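The values are calculated or read from the model by the stated rules, or taken from the named source; none is laboratory data. All of these numbers come straight from a predicted model, not from anything done at the bench. So basically every Cβ, Gly included, is an ideal-geometry build from the backbone, and we count neighbours across all protein chains shown. Remember, those area values only see protein heavy atoms, side chains included, never the ligands or the DNA or RNA. Shrake-Rupley method; radii C 1.70, N 1.55, O 1.52, S 1.80 Å.
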Amino acid sequence: AFSKTVGLKHSLMVNSGSSANLVLLAAAKKLFEWDDNDEIIVSVVGFPTTVAPILQNNLKASFIDIEMNSLNFDITKIEEKITSKTKAVFLSPVLGNPVDMDFLKELCDWHKIKLLLDGCDSLGTEWDGVPLSKYGTASTCSFYPAHHITTGEGGMVSSDNKELIDMARSIAWWGRACYCVGSCNL
């Protein structure tokens, strides 16, 4: 039911939105074969658990400054930060204020990098009538009491990519990227 709400096919519930970000990045790193010190573009303004999972996964945060109208990162400055080591943009819309998602999606597609959404503060936010989560490879959500829907605690990782969700489930449940049945391919 939650997947349908955010317009995606698969979701995995975890203990918090912070853990959802951590599990998402760990699963993406493993599934997409990112190397240590590959770069993830992120805003200089945001919650620590948007940046901490980047560092915890031995990736490098590449910071983009904000524009003052929305407090989101200035999407016109992203392209100048993209290098051969850039693997994703990790968007965290401040207070649910979206950036120009059409432009951002096109930019990520053009450079063949993933668009990930830390949607912990933006559940229900749309761009041109489309849920923000539909623009990315995957998104996260938080159910902490200060957010839109609460379970007291909890978080969610959602994606149309079943293999990514299977990988995330394995990491969340077993602490390693082994999502097979009966045998394990580490």
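The table for this structure:
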{"read-out": "Subset tally (residues that are of a type in the set (Ser, Thr, Tyr) and open to solvent by 30 Å² or more (accessible area, probe 1.4 Å)) for region 53-77", "value": "1"}
{"read-out": "Conditions (1) under 16 Å from the mean Cα position of the chain (by Cα); (2) at pLDDT 95 or above; (3) not hydrophobic (A, V, I, L, M, F, W, C); number of the one not met by residue 37", "value": "(1)"}
{"read-out": "Region 1-20, residues that are part of a helix (DSSP H, G or I) and either open to solvent by 10 Å² or more (accessible area, probe 1.4 Å) or in contact with a Leu (Cβ under 9 Å, 6 or more places away or on another chain) (or both)", "value": "2, 3, 4, 5, 6, 18, 19, 20"}
{"read-out": "Flag for residue 43 being touching a residue at least 24 places away in the same chain (Cβ under 8 Å) and surrounded by fewer than 21 Cβ atoms within 10 Å (Cβ to Cβ)", "value": "no"}
{"read-out": "Residues of region 96-133 classified as more than 16 Å from the chain's Cα centre (by Cα) and among the hydrophobic types (A, V, I, L, M, F, W, C), total", "value": "5"}
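Okay, residues lined up against (1) in contact (Cβ under 8 Å) with a residue 24 or more places away in the chain; (2) open to solvent by 60 Å² or more (accessible area, probe 1.4 Å); (3) over 22 Å from residue 26 (Cα atoms):
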residue	(1), (2), (3)
79	yes, yes, yes
88	yes, no, no
97	yes, yes, yes
110	no, yes, yes
